[in-house]
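*Asks:* Please see the structure below; I have some questions.
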Amino acid sequence: MSRLVESDYARNDEFDDGTKKQFSLLGDAEFPLICTFDYLLRLIENSIRFVAPQLKLLLYKSLLNRLREQENRRRYVKINSAICTRVIDFRRFNTEYWECLSPKLKKGIPVDLAFLEIMGVIKGSVTPDRHFGPLSREDYLGKRWRLAPNFATREERDAVYDIYEWYERAKKKRGDIDQADRVIKVTKALEEFKCSRISEDNVFEQNIRRILHEIYVDEVQDQRTSEIDMLLTLVEYPRRIHFAGDTAQCISKDALFRFANAKALFYERFKDTTSSTRDLKPALKQLLHNFRSHQQILSVASLVMDLLYGGFPELVDELSPEIGDIPGPRPTLYKQMENAQKSDVQGNKFQEYGEVRVILVRDEETRDKLRTELGKAWLVLTILQSKGMEFEDVFLYNFLSTTPCSNNLGILEDLFKRRHHTGRTYSKNNIPLGEALCPGVKNLYVGVTRARNRLWILESNTCDLGPVERLFNQTASKLRPDRYAPDILEILRERDIPVLELHKRLSTGRTISPSRWREMGYQMIDDQQYFEALRCFGEAEFSQGMTLANAYISEEIGLTNRANRSFEVANCHLMRASELFLEAGSVAKAVQCRKEGGDLRGAAEILADNGEYEDAAWLSAEVGLFSEASKVYRRLGKHEKALAGYARGKQFKSMLNYLTKFESDIEPCCWNQYLQLFYLKEFGESDTISDEFEKRVIVLIGSREEQKMVLSRFGLANKLFEFFSTRGEYTEAYEVGVSFGLLENAIQLLSDRILPKNPNWGQGRQLDVVCQFLQAENLATDPWMRAGGGRRIHEALLAAAESIQINSFVKMWEGVNHALDRFNWNGASLTIGNLGDKQVVGYVDILATRSAYLNNESQLPLDRIERVLENLRIISAHGTIPSSVQLYCGIYKIPSQPGKYIILDWSPFSTNSKPRPPVRAVDIESLRGKILRHLLADIIPPLVSLDNVLRTAWERRAVPQHPFSLSLVSGPSLPNNITIFYNDQEQ
């Protein structure tokens, strides 16, 4: 059974944060998988980034569709391989963001609480119900204190939300992300895969969620709500996920946790997947036996927990006290050790004990100060740094005297009294300094529980510690004698025992081995405490670890300089970091730093030099070195990826050479698809007659049907026409000409090759349409026609007049031309017999209207003008565009594609590109405005001229007239109204 164990600390050479491993490709040999949450997240991110449909699922799809689907997938997680996005943690937030924040925005808000609120509440509570977005200001302000306990007043929360909004803007500008952003992206991506209409997306999402059979999460209190929610979606059944943790140790700077919240998430996740009410209520099992610390230390820890239960019941889960199986010395409270740093502890006299003791402090400032004063003889850490670790002897330095309530330590005793004496508990509103006190007490608990043998509470300040002494040595045993013995703490003062004498009381147990120091160093690396890691590796005399720590330090300096826009300095440090990472054996980090420093080619070379050929090829392709990528893939025998590299690099001739050279090794479907891609890119943008090289490529595509399919799919009408005609398949060629608007070619082929053998072939409506568009082309391209001159019949129609149908059409147009000539040149009335075709009638109406210039003898075709103007009104009102207007504008309806049209070469809307582009169908609605403007440009001048002449004639007449009014109503694309008056008696 596959299991995942999630823990705070796991160090393995394979667990590199630059790993290219994919979650979806994990095999049975890699389970059980023991890793950090961050590493698991990286695996899933990689799967989403690089997911591609399996070829066997896409045999029926064209390469273009496949590439389009892959492009769609890239919307889920966007990759920028040239710049490695930094993940912002509290340390970076504090040093790089908080320092840049205006004091007006800070408003006295502590930096650690601000970051905790942003990451743990505002961004850490995302759910699908809110479309994976953070809390809005309104939702955050209205959130109950139990769920957002750090800030109670509306003013404080308003200030925090202002800080959050500034942080998000600054982060976006810098190109950074934080851990919450990563979780949101992954969760949202999986949901989009689930809702996708592409079946392969659905399969991928289902497979991701089925890989893990069971999950164990340790130190769950350090996970955000959104992270727990994501983990819950990775198992199918409620009994297959297990959480272990301690809410009292929830001291991280970016997480808020309670088991009650986890239970709510658990219920929401599985309520629709199980009918068992029992399964929806996870059992809470307490681990009572503590195998690290002895009972005396556990008594102190239990009392500290009582303070949390009494003062902050909403923030911790109340559990029974832990039990220690071994006895041990009493913890000691040592007061007034002001001169500790001046003692002999700096020497080597007590170095034998230096490896088993640690001084734990509240903050980094105190830590750095003590390190300077005490030197290397002591290990000094913050509480947060020590989390997850254990030591023989622990010294808590100035913990009580630096709490927010140091001037009123009696509040701690009051909390205990009220909990156990009166049964009352504090509410948020009656706890002084409540926001800061709770984290302080939690830190005290974590510090206490780091000790295995001896616990020392060292206080150098002179604050009143009396309430603390009473609490531990009198009040606790008085109120809870069943749980606490008298005198829990041994109280010592410097006047009672000098500092040097303390060392005689230190444990003389085993020292920390070099392997333990190395382990601590790697843990510090995981916690991004690189200077601490350097110290630990130094104690272990582990040169490789020291090199690794220095590499991380150089990287951090480089990233910080880059954030401050000192790019040259940043790149120097990043290059140095890359060299150190390579020396330490971390190839992936060396590559990452090269990329961050802008040396992409160098990054690929590092991978190749270290035998990581596939990663080298992948990186080369990602940064645009496609030729190099293809060469590497060729060495690996991965032909499809090699071809993809050539394709992405637009090196299509190299791709063709590769196809021909390795044809026998490439899967036929893949080979054919890439050959089609080559043909499309090399020849698909031009529809001119094929040369010999192109013809040879066409032959490689395959059978006659496959060749026909490619030419047809890419809209290469001329080439398809030639394909059939050169093979003697004249009927098919004719159909291509008619379907793709190659009308002259089709009629010439009909005349030369088809009619001689079958004079009656082709009778039908479509032939009439072809003849009409050919004749319209002849009239549109004849300069004499534009000047009102001679009108001829299209030569192709005359050559094909042996066809009865075409001959009839030619005779009809000879009569139309004769009538139009008489109308234009002789002023005769326009009289044309029954044309028998509404499209032709409307077309002739347009021809007559644009020639309607008045002279002394002309007879105006007012009925035809009225019909044209009516058509214009219909078009302007978004009605159906008349077929006669389509004919006039050269917009040809594709016979085999209803609703689709082709713009013919002679159309005023044709681009007339050279070389001839492929045929592309258009939607006639997209041409409506152009049609209106073109038609108006042709008919408005004669109508305006006619209107002016008639108005002048009207004004000269003295007798009353009865004018005939003809108007064109203005529309969105029409000019002002046109009114034509005439006296029908004079006409």
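*Asks:* To the nearest 0.05, what FRET efficiency results for ALA485 and ALA244 with a Förster distance of 30 Å applied to their C-beta separation?
*Replies:* Numbers: r = 30 Å, r/R0 = 0.99.
Calculated transfer efficiency: 0.50.
*Asks:* Classify the stretch 829-955: rounded, prolate or oblate, from the alpha-carbon gyration tensor (a ≥ b ≥ c, eigenvalue square roots; a/c under 1.5 rounded; otherwise prolate if a/b is larger than b/c)? Display every interim value, and only then the final one.
*Replies:* Details: a/c = 2.29, a/b = 1.95, b/c = 1.17.
Verdict is prolate for the stretch 829-955.
*Asks:* Report the charge-dipole magnitude of the stretch 829-955 in Debye, nearest 20, computed about the Cα centre from +1 at each Lys and Arg Cβ and -1 at each Asp and Glu Cβ. Don't jump to the answer; show the numbers that get you there.
*Replies:* On the way: 14 positive and 12 negative charges, 135 e Å.
In debye, rounded to 20, the stretch 829-955 gives about 640.
*Asks:* In nm, what is the difference between 0.36 nm times the number of residues separating VAL949 and GLN805 and their Cα-Cα distance? Walk me through the numbers before you get to the answer.
*Replies:* Numbers: separation 144, 0.36 × 144 = 51.84 nm, distance 4.34 nm.
Answer, rounded to one decimal: 47.5 nm.
*Asks:* In nanometres, what is the gap between the two model label sites at GLN544 and GLU667, each 7 Å from Cα along Cα-to-Cβ?
*Replies:* Distance between label points: 3.9 nm.
*Asks:* Now a separate question. Would you calculate the separation in nanometres between label points at ASN408 and ARG713, each defined as 7 Å from the Cα along the Cα-to-beta-carbon direction?
*Replies:* Result for the modelled spin labels: 7.9 nm.
*Asks:* What's the ranking of 573-584, 691-702 by average number of surrounding C-beta atoms within 10 Å, highest first?
*Replies:* Values: 573-584: 22.0, 691-702: 13.6.
Output ranking for 573-584, 691-702: 573-584, 691-702.
*Asks:* Sort 669-682, 304-317 by packing, meaning the average of other beta carbons within 10 Å per residue, with the highest value first. The partial results should precede the final answer.
*Replies:* Details: 669-682: 19.9, 304-317: 21.4.
Taking the mean over residues of other Cβ atoms within 10 Å, the ranking is 304-317, 669-682.
*Asks:* Applying 1/(1 + (r/R0)^6) with R0 = 60 Å to the Cβ-Cβ distance of ILE689 and ASN207, what FRET efficiency is obtained, to the nearest 0.05? All intermediate terms of the calculation are to be shown ahead of the outcome.
*Replies:* Numbers: r = 50 Å, r/R0 = 0.83.
The calculated FRET efficiency here is 0.75.
*Asks:* Quick query: amide H of LEU379 versus all other amide H atoms, modeled in the peptide plane; which residues come in under 5 Å with a sequence gap of 5 or more or a different chain?
*Replies:* For LEU379, the qualifying residues are ILE359.
*Asks:* Something else now. Label LYS650 and GLU236 with points 7 Å out from Cα along Cα→Cβ: what is the distance between them in nm?
*Replies:* 4.8
*Asks:* Right, another one. Calculate the FRET efficiency for PHE567 and GLU365 from the Cβ-Cβ distance with a Förster distance of 22 Å, rounded to the nearest 0.05.
*Replies:* Details: r = 31 Å, r/R0 = 1.40.
The formula returns an efficiency of 0.10 here.
*Asks:* What full-extension length gain, to one decimal in nm, is calculated for THR660 and GLU268 as 0.36 nm per residue of separation minus the Cα-Cα distance? All intermediate terms of the calculation are to be shown ahead of the outcome.
*Replies:* Working: separation 392, 0.36 × 392 = 141.12 nm, distance 5.67 nm.
Residue separation times 0.36 nm, minus the Cα-Cα distance, leaves 135.5 nm.
*Asks:* May I pose another question? Could you pull out every one of the aspartates and glutamates with an alpha carbon less than 14 Å from that of LYS914, ignoring same-chain neighbours closer than 8 positions?
*Replies:* Correct list for LYS914: GLU685, ASP687, ASP905.
*Asks:* Treating cross-link reach as a plain straight distance, find the aspartates and glutamates whose alpha-carbon is under 14 Å from the alpha-carbon of LYS595, omitting any fewer than eight places away in the same chain.
*Replies:* Answer for LYS595, where 14 Å is the Cα cut-off: GLU555, GLU579, GLU605, ASP615, GLU622, listed by chain and number.
*Asks:* Another question, then. Output the pairs from LYS21/LYS442; LYS172/LYS442; LYS107/LYS143 with a Cα-Cα distance over 26 Å in this structure; if there are none, say none. Could you put the intermediate results ahead of the total?
*Replies:* Working: LYS21/LYS442 38 Å; LYS172/LYS442 34 Å; LYS107/LYS143 21 Å.
Table pairs above 26 Å Cα-Cα are LYS21/LYS442; LYS172/LYS442.
*Asks:* Between ASP464 and ASP218, what is 0.36 nm times their sequence separation minus the Cα-Cα distance? Round to one decimal in nm. Could the numbers behind the result be given before it?
*Replies:* On the way: separation 246, 0.36 × 246 = 88.56 nm, distance 3.90 nm.
Full-extension gain reported as 84.7 nm.
Every number in this text was worked out from the coordinates using simple rules, so none of it is lab data. The structure presented is a predicted model; accordingly, all values stated were derived computationally and were not measured. Because the Cβ atoms are built from the backbone with ideal geometry, glycine has one as well, and the counts that use them run over all protein chains shown.
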